[in-house]
Structure formats: C-alpha cells, structure tokens
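Step one of this worksheet: look at the structure below.
The values are calculated or read from the model by the stated rules, or taken from the named source; none is laboratory data. The structure presented is a predicted model; accordingly, all values stated were derived computationally and were not measured. Counting neighbours? That spans all protein chains shown, and the Cβs are built from the backbone with ideal geometry, glycine included.
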C-alpha cells in the first residue's frame, strides 16, 4: 500500500476507497455511492451550528445530516440532548449531527418554520427530507437515520 494514502471501507456499500493522507480531514466520500466515509476524524459529538454556519455545515454537506433544534430552557430538549449525543457517537462518519439553538439563531429557525421544540430536521445532500417533532425515543430517531443511509 502507498504510505501516502489510507484505505477506508464505505459503511453504506462496502467499497474500499483509497484516500490520500492529505485529504482525510476534508470529509471524503465514497467513489461508488458518494456516502461520507468514516475516517476516524468525524465528530463523535454533535457540533453547534449558527445562522452563519448553517449553509456550509448542512446545506453544502454531501451526505445525511440531522439538525437538533433546541433551546436551553426547554425541558424536553434537555431530555433528548443525551440521546442526540449517543446517536452522534454511534453514527459518526455516516451522519452529521448538529445542534441549533433556536433562541440564538432565529433566522434559520424561521426559515424551517420551527414552532415547537425539540424539532429534528433530517437532510440528505443539503435537501430537507423529514422533520421530527417532540422528544422522541432513541430507537425512533435511529430508525429515521437508518432510512437516510439506505
């Protein structure tokens, strides 16, 4: 094997992909199915997005993503928070999971008509594909994430 590249197996289709070491941190995608590759550098915790970073982090992201719309004062949001963290760890490298504080980022919350929290927005290749409202159990959220991956 070339020492200047690393082989990553795609979680979606099983294809082996050779990625130059210099590009590992750039969110490489599978050459066959275009799914994001798990390179070990993916966030194992949800990252915070803002009105300013939403486009670059979600709309321009080439794979599946979950946006947890929440507020610090919201009891159900605090209940779902640990579940979102577990899912971020379990789906690292396959689904990008982010948190959007709706109190601090009202422009994005208005754009997606967030009227109740917690609300989870599911995106695939920058397109909104599903909206989940309420403090849902982990299994139900995972089921929706799995449908994004298939």
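Annotations
- The range 135-150, residues that are surrounded by 11 or more Cβ atoms within 10 Å (Cβ to Cβ) and either modelled with pLDDT under 95 or within 13 Å of residue 123 (Cα to Cα) (or both): 144, 145, 146, 147, 148, 149
- Those residues of the range 36-63 which are surrounded by fewer than 16 Cβ atoms within 10 Å (Cβ to Cβ) and modelled with pLDDT of 90 or more, in sequence order: 47, 48, 50, 51, 52, 53, 55, 56, 59, 60
- Just one of the listed residues (76, 72) is in the same structural domain as residue 133 (by TED's automatic domain parsing), out of contact with any helix residue (DSSP H, G or I) (no Cβ under 7 Å at 6 or more places or on another chain) and either surrounded by 14 or more Cβ atoms within 10 Å (Cβ to Cβ) or assigned to a helix (DSSP H, G or I) (or both), and it is 76.
- Looking only at the range 57-75, residues that are touching a strand residue (DSSP E or B) at 6+ places or on another chain (Cβ under 9 Å) and within 27 Å of residue 13 (Cβ to Cβ) come to 10 in all.
- Test: residue in the range 95-105 that is part of a helix (DSSP H, G or I), in contact with a helix residue (DSSP H, G or I) (Cβ under 9 Å, 6 or more places away or on another chain) and crowded, with 21+ Cβ neighbours inside 10 Å: no
- Of residues in the range 109-122 being free of Cβ contacts under 8 Å to residues at least 40 places away in the same chain and part of a loop (DSSP other than H, G, I, E, B), the one farthest from residue 74 (Cα to Cα): 113
- Yes/no for residue 87 being in the same structural domain as residue 136 (by TED's automatic domain parsing) and either loosely packed, with under 14 Cβ neighbours inside 10 Å or assigned to a helix (DSSP H, G or I) (or both): yes
- Among the residues of the range 67-80, not a single one is under 11 Å from the mean Cα position of the chain (by Cα) and more than 18 Å from residue 138 (Cβ to Cβ).
- Of the residues 125, 106, the single one that is touching a residue at least 60 places away in the same chain (Cβ under 8 Å) and under 20 Å from residue 54 (Cα atoms) is 125.
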